[in-house]
Amino acid sequence: MQVSSFRRRRSLGLLLALAWVAVPRQANAHHVAGHGSSEGVRSINSVGNRGGAASTRLMLLNEFSHSGVGIVPGQRNDLSLLGEYAPIPAFSFGAQLPFTTVAEQPEDGPNSVQSGYGDTRAFIRITPHADKLIHRTLTFVVGASFPTRTVRSVVDPGRLWSVTPSLIYTRTYTRLYWQVLGVASTEWRPAGVALDLSAGGQVGARLLDGKLAVGGGALVDVRAINACRSPAGELEYCAGSRAGERDRAVGTTRATALANFAWNIDTRWSLTLGVQVPFTPQRDFDVGAALGAVVVF
């Protein structure tokens, strides 16, 4: 028991060290604060290598992205504490509390590094028949993001609000698993309102008697609606991009390749690693990564 406890503490300490190293400390190059990868990517990162079912868990999650394109190129790092509580097997609620660092390098201005508290996210999760369907899991999630950040960007989008319903289905076998998800994210900010629709899937395998899991897949995001705010403050439908965005006209499609790895230390503890690489001309970032430590109660 003492050896097992020591290993758990050592694994968590290693994760913290890696997360600290990943935080950018020089302004090498980012899109505007508060506008990172899509909500579909965020959903996959927060789920880690799990099936998405309601549960009681605690997760330390570090998300990093680099972008050499966009209005302001740069890097972004979010170190989050994610907590979720399930009073019954079919229902849970939780929140994600991020510490954000944004390093930007404008083409015609000085480098900028900003660190502080990010936008808070809250969610509820419903998994029908969670106590019976173990290998076939269907989960409904509704998340919301609130403008609590203290970080300000060179080209700042202002206060951001978002509501994101999503659907996750996971099928697991003895060694193989696959997962599909659909996401609809509506975002409000001073420049207007936008709706993004996302769909994705991934397939993977459990190796070494379930200790190691590897998977891969893809996620596609489509800008479905843009409503731009006029100088008079009124919202009007606009086919082009909102102010402060680049190449996000209605119909614009982004696609991202995904790779995921998990080391299941025991039935409760696991370490996860995710990598995201866009492969379409329209993109929010050039490469992203997520590192997490999860304990399930």
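The values are calculated or read from the model by the stated rules, or taken from the named source; none is laboratory data. Just so it is clear, the model here is predicted, and its values are computed rather than measured. Cβ: placed from backbone, ideal geometry, glycine included. Neighbour counts: every protein chain shown.
Points to keep in mind about this one:
- Residue list for segment 90-114, restricted to those being small (Gly, Ala, Ser) and over 20 Å from TRP161 (Cα atoms): ALA90, SER92, ALA103, GLY109, SER112
Every residue, every condition in (1) of a type outside the set (A, V, I, L, M, F, W, C); (2) at pLDDT 95 or above; (3) touching an Asp or Glu at 6+ places or on another chain (Cβ under 8 Å), yes or no:
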{"position": "SER80", "(1), (2), (3)": "yes, yes, yes"}
{"position": "ALA86", "(1), (2), (3)": "no, yes, no"}
{"position": "GLU104", "(1), (2), (3)": "yes, no, no"}
{"position": "GLY109", "(1), (2), (3)": "yes, no, no"}
{"position": "ASP131", "(1), (2), (3)": "yes, no, no"}
{"position": "HIS135", "(1), (2), (3)": "yes, no, no"}
{"position": "THR150", "(1), (2), (3)": "yes, no, no"}
{"position": "ARG175", "(1), (2), (3)": "yes, no, no"}
{"position": "GLY182", "(1), (2), (3)": "yes, yes, no"}
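- Segment 225-245: number of residues that are assigned to a strand (DSSP E or B) and buried (at least 16 other Cβ atoms within 10 Å of the Cβ): 4
- Taking the conditions (1) touching a Ser or Thr at 6+ places or on another chain (Cβ under 6 Å); (2) under 12 Å from GLU39 (Cα atoms); (3) of a type outside the set (Asp, Glu) in turn, GLN179 satisfies each one other than (2).
- Test: residue in segment 246-261 that is touching a Pro at 6+ places or on another chain (Cβ under 6 Å) and part of a loop (DSSP other than H, G, I, E, B): no
Residue-wise test of (1) polar (S, T, N, Q); (2) at pLDDT below 95; (3) within 19 Å of the chain's Cα centre (by Cα); (4) surrounded by 23 or more Cβ atoms within 10 Å (Cβ to Cβ).
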residue: ILE265; (1), (2), (3), (4): no, yes, no, no
residue: PRO281; (1), (2), (3), (4): no, yes, no, no
residue: ASP284; (1), (2), (3), (4): no, yes, yes, yes
residue: GLY292; (1), (2), (3), (4): no, no, yes, yes
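- Output for segment 183-219, where each listed residue is small (Gly, Ala, Ser) and not in a strand (DSSP E or B): ALA191, GLY210
- For segment 91-130, a tally of residues being among the small types (Gly, Ala, Ser), closer than 21 Å to ALA54 by Cα and surrounded by fewer than 22 Cβ atoms within 10 Å (Cβ to Cβ) returns 3.
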